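Worksheet for the structure shown next.
The values are calculated or read from the model by the stated rules, or taken from the named source; none is laboratory data. What you see is a predicted model; the values in this text were computed from it and never measured. Here Cβ is always computed from backbone atoms with ideal geometry, including for glycine, and neighbour counts include all displayed protein chains. The protein model used for the area step is the full one, side chains on, heavy atoms only, and it has no ligands, DNA or RNA in it. Shrake-Rupley method; radii C 1.70, N 1.55, O 1.52, S 1.80 Å.
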Amino acid sequence: MSGNIAGKVIVITGASSGLGEAAARHLSAAGAPVVLGARRTDRLDAIAKELTERGGEVLTLATDVTKRDQVSKLVNTAVEKFGRIDVMINNAGLMPHSPLERLKVDEWDRMIDVNIKGVLYGIAAALHHMKQQKAGHIINVSSVAGHKVTPAGAVYAATKHAVRALSEGLRQEVKPYNIRTTIISPGAVATELPDSITEADVSARIHDFYKEVAIPADSFARAVAFAISQPEDVDINEILFRPTRQEL
Ligand SMILES: NC(=O)c1ccc[n+]([C@@H]2O[C@H](COP(=O)([O-])OP(=O)(O)OC[C@H]3O[C@@H](n4cnc5c(N)ncnc54)[C@H](OP(=O)(O)O)[C@@H]3O)[C@@H](O)[C@H]2O)c1
């Protein structure tokens, strides 16, 4: 499914690994210029080199999504270079699970800053361009945890519920501007995400779970491509997918 993707200017946050990297590869192969943001620029540059060698158009920019000016710069760079932004994928996130009673307050703050405020900054950066264009597509990455709460996952689930709430509000508000909105809520996908867990017992449990059930990251890339590739009058509002073996 790659129709209606070629030529679209697509900005992706958290593109240095995992789901963002897989989406960048898939969408670039489908003919979209991609603009990739993350903090690890060495990783972004290696991805860009590979995609460029395959004929893709790629821009990279060091971007910390907790810094509003950096997210604005990422989007503005895309518009300066390519003349427009067609799709904004707010993907950057982390998942340092821990029981609330262990009071990992710094990690709670970090999840709120990256998983919620980072998405808001992405919306803020893209929205005025899309309003002017009277076209655009904002894709926000939530999770099964945006639907279900699990022990040790309360704060992460809260941030992912927030992403769904923000996205639904956005969906309703941007109708006059012909902007599409999609929430993508993956189950367990094999990425570096569990490496953000600092509590040894929780980390071991989640790594074991991922080893058992996680599916490859191109599952996410195909879901993104499905949403983007629909005709412009079709707005895929949410995709929730899991590994076939995942129970929760
Ligand atoms: N994998 C899953 O099972 C799963 C399931 C549901 C939802 N998700 C969601 O999918 C998204 C992507 O995660 P992933 O699974 O691909 O994990 P990952 O491999 O750890 O990738 C996370 C990405 O987010 C970026 N990131 C983290 N903090 C950032 C910051 N402050 N500013 C900019 N970028 C930042 C990282 O880049 P740098 O470190 O280079 O900045 C990296 O590119 C997250 O929102 C996650 O919650 C994943």
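Checking 159, 198, 191 one by one, the residue that is open to solvent by 20 Å² or more (accessible area, probe 1.4 Å) and within 12 Å of the ligand (Cβ to nearest atom) is 191 and no other. The condition (being within 15 Å of the ligand (Cβ to nearest atom) and open to solvent by 70 Å² or more (accessible area, probe 1.4 Å)) is satisfied by just one residue among 209, 220, 241: 209. Please determine whether any residue of the range 55-68 is among the small types (Gly, Ala, Ser) and within 13 Å of the ligand (Cβ to nearest atom). Looking for residues that are among the small types (Gly, Ala, Ser) and within 13 Å of the ligand (Cβ to nearest atom), one finds at least one in the range 55-68, hence yes.
Beta carbons closer than 6 Å, at least 6 apart along the sequence or on distinct chains, pair a first residue in the range 194-223 that is small (Gly, Ala, Ser) with a second that is within 13 Å of the ligand (Cβ to nearest atom) and part of a loop (DSSP other than H, G, I, E, B) for 196/94; 196/95; 196/96; 203/197; 214/188; 214/190; 217/191. If only residues of the range 127-141 that are under 14 Å from the mean Cα position of the chain (by Cα) and touching a residue at least 60 places away in the same chain (Cβ under 8 Å) are counted, the one that is nearest to residue 184 (Cα to Cα) is 141.
Among all residues of the range 162-169, there is none that is within 9 Å of the ligand (Cβ to nearest atom), farther than 22 Å from residue 101 by Cβ and of a type in the set (Ser, Thr, Tyr).
State whether one or more residues within the range 90-107 are over 28 Å from residue 235 (Cα atoms), open to solvent by 40 Å² or more (accessible area, probe 1.4 Å), within 11 Å of the ligand (Cβ to nearest atom) and of a type outside the set (A, V, I, L, M). There is no residue in the range 90-107 that is over 28 Å from residue 235 (Cα atoms), open to solvent by 40 Å² or more (accessible area, probe 1.4 Å), within 11 Å of the ligand (Cβ to nearest atom) and of a type outside the set (A, V, I, L, M). Within the range 113-125, being under 14 Å from the mean Cα position of the chain (by Cα) and of a type in the set (Gly, Ala, Ser) holds for 118, 122. Output the residues belonging to the range 3-27 that are out of contact with any helix residue (DSSP H, G or I) (no Cβ under 6 Å at 6 or more places or on another chain) and part of a loop (DSSP other than H, G, I, E, B). Scanning the range 3-27 gives 6, 7, 8, 17. Give the residues of the range 139-162 that are in a helix (DSSP H, G or I) and of a type in the set (Lys, Arg), sorted by residue number. Result: 160, single match.
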